[in-house]
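Reviewing the structure listed below.
The values are calculated or read from the model by the stated rules, or taken from the named source; none is laboratory data. Treat the numbers as computed from the prediction; the structure is a model and nothing was measured. FYI the Cβ positions are ideal-geometry reconstructions off the backbone, even for glycines, and counts take in every protein chain you see. Only protein heavy atoms, including side chains, enter the accessible area calculation; ligands, DNA and RNA are left aside. Shrake-Rupley method; radii C 1.70, N 1.55, O 1.52, S 1.80 Å.
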Amino acid sequence: MKCMFCGCEDSKVIDSRSTDDGKSIRRRRECTDCGRRFTTFETIEIVPFLIVKRDGTRQSYDRSKLKNGILRSCEKRPISMLQIDMIVDDIEKSLYNSLDEEVTSLKIGDMVMERLKNVDEVAYIRFAAVYRQFKDSATFFEEMSKIFNNGTKSKKKN
């Protein structure tokens, strides 16, 4: 690691610690030439991927857009920010593990719906209304009946 003070390319690590979020390592270094200390952070390199929109356009993945979409559907619902962050983290993990360079927005929408369905049915319906672009009350009713039918089946099993 190059010293930011004198430019020497040799330094020694004095201390290494994981950051609070656990996603990077903080290293305290000392330059072997000038003796000054500095801090570096080591993180995993994330391979960027593109989102293919419904109209065929492509844009780079943006975590904040995903999180904002989920936040809007969870507005005024008893869902914590921790739960929302966990949903986003889980989706990101799945996307990065797939190693695909391009992912359709439809796939991401399906992933969000699958997770919201298990967390809060109202948030799920809100997200589905925008994502599936409900055109009329019949389409909305179809989606609601799927939830009610699945809910009654699971209750009968118990």
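Here are the numbers:
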| item | result |
| --- | --- |
| On Cα atoms only, tilt of 121-131 relative to the major axis of the chain in degrees | 80 degrees |
| Segment Phe41-Cys6, length gained on full extension (0.36 nm per residue, minus Cα span) | 10.7 nm |
| Among (1) 117; (2) 174; (3) 137, the entry that matches volume of the Cα convex hull per residue in Å³ as calculated here | (2) |
| The stretch 45-89, accessible area per residue, ligands and nucleic acids excluded (1.4 Å, Å²) | 68 Å² |
| Sorted peptide list for 36-47, 124-135, criterion being average Cβ within 10 angstrom, highest first | 124-135, 36-47 |
| With every protein chain in place, the stretch 4-145: carbon and sulfur % of accessible area (1.4 Å) | 50 percent |
| Values of log10 I(q)/I(0), in the order q = 0.15 Å⁻¹, for the stretch 1-51 under a Debye, Cα-only, solvent-free model | -0.49 |
| Estimated distance in nm for a label pair at Phe140 and Met86, the labels positioned 7 Å out from Cα along Cα-to-Cβ | 3.0 nm |
| Solvent-accessible ranking of Arg26, Arg115, Arg58, largest area first, probe 1.4 Å | Arg58, Arg26, Arg115 |
| Cβ-derived FRET efficiency at R0 30 Å, Lys53 paired with Ser24, nearest 0.05 | 0.45 |
| Accessible area of Met86 in the full protein assembly, 1.4 Å probe (Å², nearest 10) | 110 Å² |
| For the chain: relative contact order, % (alpha-carbon pairs under 8 angstrom, 6 or more apart) | 14 percent |
| Computed [θ] at 222 nm, deg cm²/dmol, the chain (DSSP H ≥ 4; -39,500 (n - 2.57); rounded to nearest 500) | -16000 deg cm²/dmol |
